[in-house]
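Before any comments, here is the structure.
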Amino acid sequence: MGNACTFPVESLIFLSIALASVITKRGLALTMESVNSLYGEVAVFGDDLIIPIDSRGLLIEALEVLDFKVNTSKSFWTGKFRESCGVDAYGGVDVTPAYWRTFNDGKPESLASTVDTHNNFYMKGLYSAADRLASTIPEAIPWVHPGSGVFGLKSSFGYCSNGHRTRWNDQLQRTEIRIATRIDVAKRVPTNDDSALLQYFTEDPDPITNWCHGVQQRPLVKIKPRWVALADLCTPCAESN
C-alpha cells in the first residue's frame, strides 16, 4: 500500500476474476462480446466488487483459491440491502445515512466539518437538521448554490446576503464579495536521502515554483476572508464563466 500502482493493479486483478467467474458460471464464450455484455452487471473499485448474485458463490471460491480473503461481514447478497464504496442502498434506493462526527467548537477543522455535514443533510432532504446546524455557523460563512463549488452552506436559493462587504473589481470586471473561505495548507517534511532527486523529476515542478521535496503531511484547515466573485456563489461553477 502507498504505491500509486496498488489501486489500479488490484482493480484489474479483481475485475478479471469477477468477469471470469460470471462468464464461467453462465457458460459464455470467452470473447470481448461476452465481456462487454456484462457492462452494468460487473463493477470493481479497488477491493469493492459488484457482481450478479448467480455468480457470487463461484467468485468467492475463486478468490479464496487465489489466497484472497472475503470479508463476509461486509458482503451482501441476500435481501434488498446492498453496500458499496460507502453507499448504502435498499431496493436500489440510496439510504446512506448522514453523520455529524465533529462538534462545532469554533476551530477551523470543526467549522469546516459542520458546514460539510449541513450540506450533506440538506442534499438528503433533512432540512430541519440542516437548519439547526446552520444556526451554529458564523454569518461570515456564505449561503451558496449547491453546484457553485464555493465553500459555504448549500441552498437551492443560491447566495443570500448576510451583510457581507461587496466591491467592483475593475481589473476583472466583476462584482466581488468578501466572505470566509476554506484554505487547506499542506506541508512537507523533508527527507534526508537521495529520493528527493527522483521526486523532483517525477513531479516535474515548474521552474518558477517554490518547490520542496519531502513527505506530504495531512493538510491543515484554515478559514480566512477572501474576495470571491459574487456570480460564483449564485450559479453552478459550469455556468459561472
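The values are calculated or read from the model by the stated rules, or taken from the named source; none is laboratory data. Note that this is a predicted model, so its numbers are computed, not measured. Backbone-built Cβ (ideal geometry, glycine too); neighbour counts: all protein chains shown.
Odds and ends about this structure:
- Only a single item in (1) closer than 26 Å to Phe7 by Cβ; (2) within 23 Å of the chain's Cα centre (by Cα) is not met by Trp100, and it is number (1).
- Here is the figure for region 124-139: residues that are assigned to a helix (DSSP H, G or I) and under 18 Å from the mean Cα position of the chain (by Cα) total 0.
- Any hit, region 197-219, residues being of a type in the set (A, V, I, L, M, F, W, C), in the same structural domain as Arg165 (by TED's automatic domain parsing), in a helix (DSSP H, G or I) and within 19 Å of Tyr159 (Cα to Cα): no
- Scope region 183-237; condition loosely packed, with under 12 Cβ neighbours inside 10 Å, modelled with pLDDT under 85 and either of a type in the set (Ser, Thr, Tyr) or in contact with a Phe, Trp or Tyr (Cβ under 9 Å, 6 or more places away or on another chain) (or both); matching residues: Thr209
- Residues in region 161-182 that are in a loop (DSSP other than H, G, I, E, B), exposed (fewer than 14 other Cβ atoms within 10 Å of the Cβ) and not hydroxyl-bearing (Ser, Thr, Tyr): Asn162, Gly163, Arg165, Asp170, Gln171, Leu172, Gln173.
- Listed here are the strands (runs of 3 or more DSSP E) enclosed by region 31-123 that have at least 3 residues being in the same structural domain as Pro219 (by TED's automatic domain parsing), modelled with pLDDT of 85 or more and under 30 Å from Gly149 (Cα atoms), and there are none.
- Taken together, Val185, Val221 contain a single residue that is of a type outside the set (Asp, Glu), within 20 Å of Leu111 (Cα to Cα) and touching a Leu at 6+ places or on another chain (Cβ under 6 Å), which is Val185.
- Selection within region 99-145 - over 22 Å from Asp232 (Cα atoms) and in contact with a strand residue (DSSP E or B) (Cβ under 6 Å, 6 or more places away or on another chain): Pro108, Glu109
- Flag if Thr191 is assigned to a helix (DSSP H, G or I) and among the hydroxyl-bearing types (Ser, Thr, Tyr): no
- Flag if Ser148 is within 23 Å of Leu233 (Cα to Cα), of a type in the set (S, T, N, Q) and in contact (Cβ under 8 Å) with a residue 40 or more places away in the chain: yes
- Of all residues in region 11-44 being under 15 Å from Leu66 (Cα atoms) and without any contact (Cβ under 8 Å) to a residue 12 or more places away in the chain, the one that is farthest from the chain's Cα centre (by Cα): Ser16
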